[in-house]
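K.L.:
Next up is a structure, given as structure tokens.
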Amino acid sequence: MSRSTFEEEIRKRGQLIYTNVGDSMLPFIKQGRDVLVVSKVNGRLKRCDVPLYKRDSGHYVLHRILKVRDKTYVTCGDNRWQREFGITDRQIIGVLTAVIRDGKEIPMTDRKYRIYVHLWCDFFLSLIHI
């Protein structure tokens with residue numbers, strides 16, 4: 001059985017469904033509990049979106065956008081303090097559109113999720129200067 005890359009899955013199917021590895025997006029996304037739905041990107045992303053991107057080192061990362069700049073993004077995991085600068089559209093593979101938890105899909109448009117995101121982002125951004 002052949003394995004495809006994240007990029008190939010999104011190109012073929014328009015989305016990628018997978019389980020994450022790591023704790024950088026706690027408390028919202030938890031390894032071993034959540035299944036992630038990452039969809040093809042259409043246009044520039046916005047503050048608080050959660051892109052899946054590939055670092056130049058080849059590592060895949062799923063972090064939240066804290067700031068949108070002219071040609072780059074500033075990202076950070078919800079469970080991290082270290083921001084990552086210079087992420088470009090070229091590196092972005094897709095954007096998180098839903099989380100499946102206990103068999104129930106939580107779209108990123110869900111009201112409770114949006115409240116969490118804005119409380120978290122507003123709190124985090126009040127602590128740092130980008």
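The values are calculated or read from the model by the stated rules, or taken from the named source; none is laboratory data. Keep in mind that this is a model prediction, so the values were computed, not measured. Cβ atoms come from the backbone with ideal geometry, glycine included; neighbour counts cover every protein chain shown. Keep in mind that these areas ignore ligands, DNA and RNA; they rest on the heavy atoms of the full protein, side chains included. Shrake-Rupley method; radii C 1.70, N 1.55, O 1.52, S 1.80 Å.
K.L.:
Considering (1) surrounded by fewer than 16 Cβ atoms within 10 Å (Cβ to Cβ); (2) touching a helix residue (DSSP H, G or I) at 6+ places or on another chain (Cβ under 7 Å); (3) within 21 Å of Leu119 (Cα to Cα), say which one Asp78 fails and leave the rest.
P.N.:
Only one criterion is unmet by Asp78, namely (1).
K.L.:
Does the stretch 94-102 contain any residue that is over 21 Å from Leu52 (Cβ atoms) and either at pLDDT below 95 or crowded, with 16+ Cβ neighbours inside 10 Å (or both)?
P.N.:
There is at least one residue in the stretch 94-102 that is over 21 Å from Leu52 (Cβ atoms) and either at pLDDT below 95 or crowded, with 16+ Cβ neighbours inside 10 Å (or both).
K.L.:
Restricting the search to the stretch 44-53, which residues are surrounded by fewer than 16 Cβ atoms within 10 Å (Cβ to Cβ) and at pLDDT 95 or above?
P.N.:
Scanning the stretch 44-53 gives Arg44, Lys46.
K.L.:
Among the residues of the stretch 9-43, what is the count of those that are surrounded by 13 or more Cβ atoms within 10 Å (Cβ to Cβ) and closer than 16 Å to Arg90 by Cα?
P.N.:
So the answer is 5.
K.L.:
Continuing with this model, one more query. Pick from the stretch 54-75 the residues that are open to solvent by less than 70 Å² (accessible area, probe 1.4 Å) and polar (S, T, N, Q): which of them is modelled with the highest pLDDT?
P.N.:
The residue in question is Thr72.
K.L.:
For Ile106, which of the numbered conditions (1) without any contact (Cβ under 8 Å) to a residue 12 or more places away in the chain; (2) surrounded by fewer than 15 Cβ atoms within 10 Å (Cβ to Cβ); (3) within 15 Å of Ile29 (Cα to Cα) fails to hold?
P.N.:
It is condition (2) that Ile106 fails.
K.L.:
Can you say whether His118 is loosely packed, with under 14 Cβ neighbours inside 10 Å and at pLDDT below 80, as far as the supplied structure shows?
P.N.:
no
K.L.:
Quick one: which strands (runs of 3 or more DSSP E) lie wholly within the stretch 14-56 and hold at least 2 residues that are under 19 Å from Glu105 (Cβ atoms) and of a type in the set (Ser, Thr, Tyr)?
P.N.:
In the stretch 14-56, 15-19 are the strands (runs of 3 or more DSSP E) which contain 2 or more residues that are under 19 Å from Glu105 (Cβ atoms) and of a type in the set (Ser, Thr, Tyr).
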